[in-house]
1. Can you tell me which of VAL194, VAL204 is touching a residue at least 60 places away in the same chain (Cβ under 8 Å) and on the phi < 0 side of the Ramachandran plot?
2. It is to be established whether one or more residues within the range 142-161 are surrounded by 21 or more Cβ atoms within 10 Å (Cβ to Cβ) and outside any strand (DSSP E or B).
3. Of all residues being among the aliphatic types (A, V, I, L, M) and farther than 11 Å from PHE151 by Cβ in the range 166-185, which is nearest to the chain's Cα centre (by Cα)? Just the residue, please.
4. Output the number of residues of the range 103-127 satisfying the condition of being farther than 14 Å from VAL21 by Cα and among the β-branched types (Val, Ile, Thr).
5. Is there any pair linking a residue in the range 64-93 that is over 16 Å from SER40 (Cβ atoms) and free of Cβ contacts under 8 Å to residues at least 12 places away in the same chain to one that is assigned to a helix (DSSP H, G or I) and charged (D, E, K, R), with Cβ under 7 Å and at least six apart or on different chains, and which?
Amino acid sequence: MDYGVMFEQIRKLIEEDPENVTILEEVIDVDLQMDYFKKSLEVKKKLNSGRVIMHKDDLFASDISIDEKRMLLSKLASINDVDVFRAIEKYMKDGDKELHDWAILAYQESRMLIQSSLMEKAPIFISTGLGGKKDKLRYCVVLFNKNRKVFSELEQNIIKGEVDYIIGKTNSVCEELKFEGIYCTLMLMIPLKVSVKDCLLDLVKNCNELGGFVDSSFLVTNVKHLSDGEIMEALSNNDSESVNEYDKDDAIGF
């Protein structure tokens, strides 16, 4: 999948009708999301709406297994019914903790289904592993010291200042900035209408204009938080393969 083209299409849709786009705010594992969407497609093939609605209260029954409730949630989310939507909503808030993320996805699907029936065009739902808010997606970004040395206090201050400048320029949000030896990690909320790649390239360029200490290669993903092991492995691969940039984006939705 060409994610650059996909995000460009999404940006155009937001510009045309920003009120029609919903972004999943919660951080939910991408594998779980994919599993949910697969189950959602499966249950729609042989769905007996009337029978499923009769069993909606089973969500709160103590003698119903977690696996059965998981399947029931997927089925209920495929039914255009306000009472069903409210049952899913209640379960999302008060139900089994093991299915909280699954219930969130069922709630979103049910809500989108009802909205679609009330609108002339189907609403757009965007979800990623790291979530987002309103018109912004959350990204995990890693910058490396060009000389593979610990960032000095001066270099750290330069990065902090340039991050402040970039987020102000793009209406982004920096939720976290940590220095971990030869690299620093950022959690950024960047508007969908902003080019993530251009934003980060500007950040690196601006830092290097004041010292030339940031590697032109960086990591960026909206799939998950990157561990130290994953970061160091990517750095090792980057050094051995001499690539210019590691860039991983993913988004899925209804």
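Each reported figure results from applying straightforward, stated rules to the coordinates on display, with no laboratory input. Keep in mind it's a predicted model, so treat the numbers as computed, not measured. Cβ atoms come from the backbone with ideal geometry, glycine included; neighbour counts cover every protein chain shown.
1. VAL204
2. yes
3. Looking at residues that are among the aliphatic types (A, V, I, L, M) and farther than 11 Å from PHE151 by Cβ, I get VAL173.
4. 2
5. ILE64/ASP58
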